[in-house]
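The values are calculated or read from the model by the stated rules, or taken from the named source; none is laboratory data. What you see is a predicted model; the values in this text were computed from it and never measured. Methodologically, a virtual Cβ is constructed for each residue, glycine included, from the backbone with ideal geometry; neighbour enumeration extends over all protein chains shown.
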Amino acid sequence: MGIDKLSLTTHEMVKADYLREFWSVKEDTHRLKLYKYFCEMDYAQVMWRPHKFSDETNMRIPYSKIDINPKHFDCFQFLYDYVENIFNGQPDLEYLNVSRIDLTADIENLPMDVVFSRLHVPGFHRDSLSLYKGTIYIGSNPKIRIYDKTKEIKQRQRKGWSITEWEKSIVESGKQITRFEIQLSNFKGCLKDVVNDPASLVSHFDRIRFYDFEDKEKIGSMVGGLYFLMTKINRKLRGNLDKFRSQELETMIKEKYIASAKEWFQGKESLNLEGIPF
């Protein structure tokens, strides 16, 4: 769906009685957390009533916060209906502020070895890059994460965690999916902005760049070490490198995000929002 996680804040009040009746609500009695009440639902976490600071400061903090993962919903309309049940009235998209949003693009049959061989992310300090168990992490805000999505799904499945129908279909199909994920914290916008123009967020993928280091025209003037390295790469990987050239791969990632966002947001006709680019 192009979006993996959403954090929403609002000054609207949640239906506390509904949450207590159908879910387990925890109370922070020692002011250790920002919000006094916390509820773990099946597809969302809900927090409300700031209480950590003085009354004056707490009044300036959004009364409610929702962390939700769109992957559990076939389209945006279903997510909106789910969120609507949490509030006393229909929440206005303009007053649901987005504090975090994760953008995703999934590429089929792209080996991580090709990513390692081509990846070039300008604008980040070297210390902000790390590699852990095959996953590439870059930066903090935005935070880039590149990993084998199929492998991650299988790991959660082995641990007995629930997976979505889409994730189940990926495992059963035997497809290898490489996910490019950009986490934007302190996002300056509301949910209506995202719904009206999700394609505008594709510009954040400009941070992910690739380099054809085996291009003889580009490395011809360099010392011979780079060319020597290319000759030592096994032929299978060399074939994958030919398949996923840098410019095509950068375009493919953006197209995948836009196509996924378009498909997910199309199921929102009943909202009658204007300015939808799809």
- Task: Could you list, in sequence order, all residues of region 1-24 that are surrounded by 15 or more Cβ atoms within 10 Å (Cβ to Cβ) and either free of Cβ contacts under 8 Å to residues at least 60 places away in the same chain or not assigned by TED's automatic domain parsing to the domain that holds F87 (or both)?
- Result: A16
- Query: Within region 110-148, how many residues turn out to be out of contact with any Phe, Trp or Tyr (no Cβ under 9 Å at 6 or more places or on another chain) and of a type in the set (S, T, N, Q)?
  - Reply: 2
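Do we have C39 as farther than 30 Å from G134 by Cα and either of a type in the set (D, E) or surrounded by 20 or more Cβ atoms within 10 Å (Cβ to Cβ) (or both) here?
yes
Under the condition of being of a type in the set (K, R) and touching a Leu at 6+ places or on another chain (Cβ under 9 Å), which residue from region 97-144 is farthest from S173 (Cα to Cα)?
Just the residues of region 97-144 that are of a type in the set (K, R), to begin with: 100, 118, 126, 133, 143.
This time we only want the ones that are touching a Leu at 6+ places or on another chain (Cβ under 9 Å), so: 100, 118, 143.
Numbers: R100: 32, R118: 27, K143: 30 Å.
Within region 97-144, the match that is farthest from S173 (Cα to Cα) is R100.
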- Query: For region 85-181, which helices (runs of 4 or more DSSP H) that fit wholly inside it have 3 or more residues that are surrounded by fewer than 18 Cβ atoms within 10 Å (Cβ to Cβ) and not acidic (D, E)?
  - Reply: 149-158, 165-173
- Residue satisfying all of: in region 243-275; at pLDDT below 90 and touching a Pro at 6+ places or on another chain (Cβ under 9 Å); nearest to D92 (Cα to Cα) among these: F265
- Among the strands (runs of 3 or more DSSP E) lying completely within region 20-75, list those that include at least 3 residues that are more than 22 Å from the chain's Cα centre (by Cα). 25-27, 35-40, 44-50
- Query: assigned by TED's automatic domain parsing to the domain that holds E12 and modelled with pLDDT under 95: does that describe D67?
  - Reply: no
